[in-house]
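The values are calculated or read from the model by the stated rules, or taken from the named source; none is laboratory data. A quick note: this is a predicted structure, and the numbers were derived from the prediction, not measured. Heads up, the Cβs are rebuilt from the backbone with ideal geometry, glycines too, and the neighbour counts pull from every protein chain shown.
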């Protein structure tokens, strides 16, 4: 099956080393700065991430180049481009970054101790609508396990996210990573009643006068999003958004047609559109095999495997719009209200 996201697709949320305290001395500091520049492809963006001035970042990269005796970056009109030597160093630093993360990880390692911090990478929508409601029962059973829920830096890479468990949209073939295929997210074009009242009901013959909300999440040229690309090309892009929760709220506000998971149809103002576009994206759960020997990680891994199981109607292999909208049990009332956005409050 064609995978939805390219492994080479750039990160939507760039991040330097999470814990700068594990590095010390000018040389290590310069390596950390260079890694931030390599990830951000920009001195300015790296400076923002590191909370440093742009000239300081530039000077430290220059000093590092002098120490190594090789040019690492080349400024271009589009931003910073890594030289071959720079690419080699960046890959080595990423591997070091991962190892330092493992060393400094605060999770209790006792196999039989159901206690500790487990880091979970999952998108905003899935975290808010499925992880949070189901976490109540899990926490009652395992009160000493603490989840740190984080937005994924990369939708397919466990290592780049520096996490214990990840809900991903692509498989992995590394021998040290355990991966399990779960259910599917079904994406369909969606508008709201408010949009229909302003612009009329979209159909395949009048798309040229309709507005679309697009996202970089759907920009991977792997073929799976091609029907959506063709649909958007027939209309007008009103806005673009790479935050999944904010993207849903833009559509909810009636600003345009969006491509959303079918679970958003729990909101009664949303209207699914029959425009010949239906994208099924398989869900995977990933974890470092070694970390699964720690009981808290294994418990979270097994629990999430049931939350996103294909037996859940929202994640069944086949598109079941009627079944899902008729039974919104997997979504709590609080989650449905969160998806619906701000409500008018009588004062």
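Select from the stretch 264-279 the residues that are assigned to a helix (DSSP H, G or I) and in contact with a strand residue (DSSP E or B) (Cβ under 8 Å, 6 or more places away or on another chain) and write down the one among them that is nearest to residue 193 (Cα to Cα). Per the criteria, the residue is 265.
Residues are listed down the side, and each one gets a yes or a no for (1) out of contact with any strand residue (DSSP E or B) (no Cβ under 6 Å at 6 or more places or on another chain); (2) modelled with pLDDT of 90 or more; (3) over 18 Å from residue 300 (Cα atoms); (4) surrounded by 18 or more Cβ atoms within 10 Å (Cβ to Cβ):
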| position | (1), (2), (3), (4) |
| --- | --- |
| 157 | yes, no, yes, yes |
| 162 | yes, no, no, yes |
| 173 | yes, no, yes, no |
| 189 | no, yes, yes, yes |
| 200 | yes, yes, yes, no |
| 206 | yes, yes, yes, no |
| 209 | yes, yes, yes, no |
| 216 | yes, no, yes, no |
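Restricting 100, 93, 117 to those that are at pLDDT 80 or above, in contact with a helix residue (DSSP H, G or I) (Cβ under 9 Å, 6 or more places away or on another chain) and in a helix (DSSP H, G or I) reduces the list to 93. Here the stretch 273-296 is the region considered, the condition is being over 20 Å from the mean Cα position of the chain (by Cα) and farther than 30 Å from residue 231 by Cβ, and the residue that is surrounded by the most Cβ atoms within 10 Å (Cβ to Cβ) is 296. Exactly one residue out of 346, 334, 316 is closer than 20 Å to residue 122 by Cα and at pLDDT below 85, and it is 334. Of the residues making up the stretch 40-67, just one is out of contact with any strand residue (DSSP E or B) (no Cβ under 9 Å at 6 or more places or on another chain) and in contact (Cβ under 8 Å) with a residue 40 or more places away in the chain, namely 67. Taken over the stretch 220-247, residues that are touching a helix residue (DSSP H, G or I) at 6+ places or on another chain (Cβ under 6 Å), within 20 Å of residue 264 (Cα to Cα) and part of a helix (DSSP H, G or I) amount to 3. Being on the phi > 0 side of the Ramachandran plot and at pLDDT 90 or above, is that true of even one residue in the stretch 234-254? Yes, the stretch 234-254 contains a residue that is on the phi > 0 side of the Ramachandran plot and at pLDDT 90 or above. Of the residues in the stretch 202-215, how many are in contact (Cβ under 8 Å) with a residue 60 or more places away in the chain and part of a loop (DSSP other than H, G, I, E, B)? Adding up the residues that qualify gives 3. Restricting attention to the stretch 44-72, and to residues there that are surrounded by 22 or more Cβ atoms within 10 Å (Cβ to Cβ) and under 28 Å from the mean Cα position of the chain (by Cα), which single residue is nearest to residue 97 (Cα to Cα)? Filtering the stretch 44-72 for residues that are surrounded by 22 or more Cβ atoms within 10 Å (Cβ to Cβ) and under 28 Å from the mean Cα position of the chain (by Cα), the one nearest to residue 97 (Cα to Cα) comes out as 46.
Of the listed requirements (1) in a loop (DSSP other than H, G, I, E, B); (2) under 22 Å from the mean Cα position of the chain (by Cα), residue 180 misses just one: (1). Applying the set (1) touching a helix residue (DSSP H, G or I) at 6+ places or on another chain (Cβ under 7 Å); (2) at pLDDT 90 or above; (3) outside any loop (DSSP other than H, G, I, E, B) to residue 282 leaves exactly one unmet item: (1).
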